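None of the figures in this text is laboratory data; all of them are computed from the coordinates on show. These numbers were taken from a predicted model, which means no experiment stands behind them. Using ideal geometry, Cβ is built from the backbone for each residue, glycine included, and neighbour counts are taken over all protein chains shown.
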Ligand code: 13P
Ligand code: SF4
């Protein structure tokens, strides 16, 4: 009975994949996906990446249509960098609660309090907020973005955990917004220590959106792409992973001979999981939902994103 249901699902997914291929050709579309997406979405992506890689790819693609399988701010960044292209997101409910923790009014107030500060925004922000900032960053380039800034004061929005991590590499003064990722912030020192006791040979690789005391335990700290690369290139065989569980699919694909233990069963971003193959087909057929950003907001937000894209990672 169960195997029949699985067979039926596989057949359905095969049909959906074929339809996606057809629609991509018809519309000259490209599918960009984040590593936290479901495996079946990762499998149909033309490009998989972290927030930085996805923004770079969105800027350079010559497709007419970008289907963005991630969360809203990622699709918005793709649109801002390509106003002439159509950017589709399979499900409008895919937001990022951390991005929603900072708003324009609050940021404007802070800017008035610290008029000499440079405003650095994690890419996990809305277009409206980006438009009020000087430069964006992602977890893969945050250190280099801060180094590229001349001012001694930084207003940092919205992730307090990433802000805390990056502030230790500089003597600049950080004014840090109190935002956080509900998924990464749940991971505790006890969770990691328990797994370390069970797997004493394993290294701990962690995303800087986790709490400072958890990040401090990391043998490697970095973005999703950074974590995947580190594990692939390491001669260690076991890893405890401190980021969203979707990354496990790529980790196991790229390093099939290695073991990965997720540091907590709560490391799931529900927003990243709302997309599925059927919704990808639907959005390509109807060309909806699309991302729209008003020109004047996009122009200001683009300056901040493009300034980030010019920063060289070392
Ligand atoms: P990365 O840029 O490391 O992929 O992170 C994106 C994100 O939203 C992490 O929660
Ligand atoms: Fe936002 Fe956290 Fe989900 Fe990343 S994992 S998209 S920061 S809620």
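Using only the Cα atoms of the chain, what semi-axes does the equivalent ellipsoid have when each is the square root of 5 times a gyration tensor eigenvalue? Give whole Å, largest first.
Equivalent ellipsoid of the chain: 31, 28, 16 Å, largest first.
Using alpha-carbon positions, what is the distance between the centroids of the range 189-250 and the range 43-87, in Å?
The two parts, judged by their Cα centres, are 27 Å apart.
On a C-alpha basis, how far is the centre of the range 116-150 from the centre of the range 5-26 in Å? Whole number, if you could?
If we compute the Cα centre of each part, the gap is 39 Å.
Express as a percent, rounded to the nearest 5, the fraction of DSSP beta bridges in the chain (both residues included) that run antiparallel.
Bridges in the chain that DSSP calls antiparallel: roughly 5 percent.
Tell me the relative contact order for the range 1-123 as a rounded percent, counting alpha carbon contacts under 8 Å between residues six or more apart.
Across the range 1-123, relative contact order equals 18 percent.
Relative contact order for the chain: what is it in percent, counting Cα pairs under 8 Å that are at least 6 residues apart?
Value for the chain: 22 percent.
So which residue, out of 298, 202, 127, gets the largest mean-square fluctuation from a GNM of the chain using Cα contacts under 10 Å as springs?
Sorting by GNM fluctuation, first place goes to 202.
Rank the residues 35, 266 as a footprinting-exposure proxy: fewest other Cβ atoms within 10 Å of their Cβ go first.
Ordered by Cβ neighbours within 10 Å, fewest first: 266, 35.
List the relative contact order of the range 175-314 as a percent without decimals, with contacts defined as Cα pairs under 8 Å and 6+ residues apart.
Rounded, it is 21 percent for the range 175-314.
For the pair residue 9/residue 213, report the inter-label distance in nm, with labels modelled 7 Å from Cα in the Cβ direction.
Those two pseudo-labels are separated by 3.9 nm.
With a 10 Å Cβ neighbour count serving as the proxy for reagent exposure, in which order, fewest first, do 66, 291 appear?
Starting with the residue having the fewest Cβ neighbours, the order is 291, 66.
Per DSSP H run of n ≥ 4, the term is -39500 (n - 2.57); total these for the chain, divide by its residue number, and report the mean residue ellipticity at 222 nm rounded to 500 deg cm²/dmol.
Computed ellipticity for the chain at 222 nm equals -13000 deg cm²/dmol.
Could you check which residue among 161, 235, 275 shows the biggest mean-square fluctuation in a GNM of the chain with a 10 Å Cα cutoff?
In the Gaussian network model the winner is 235.
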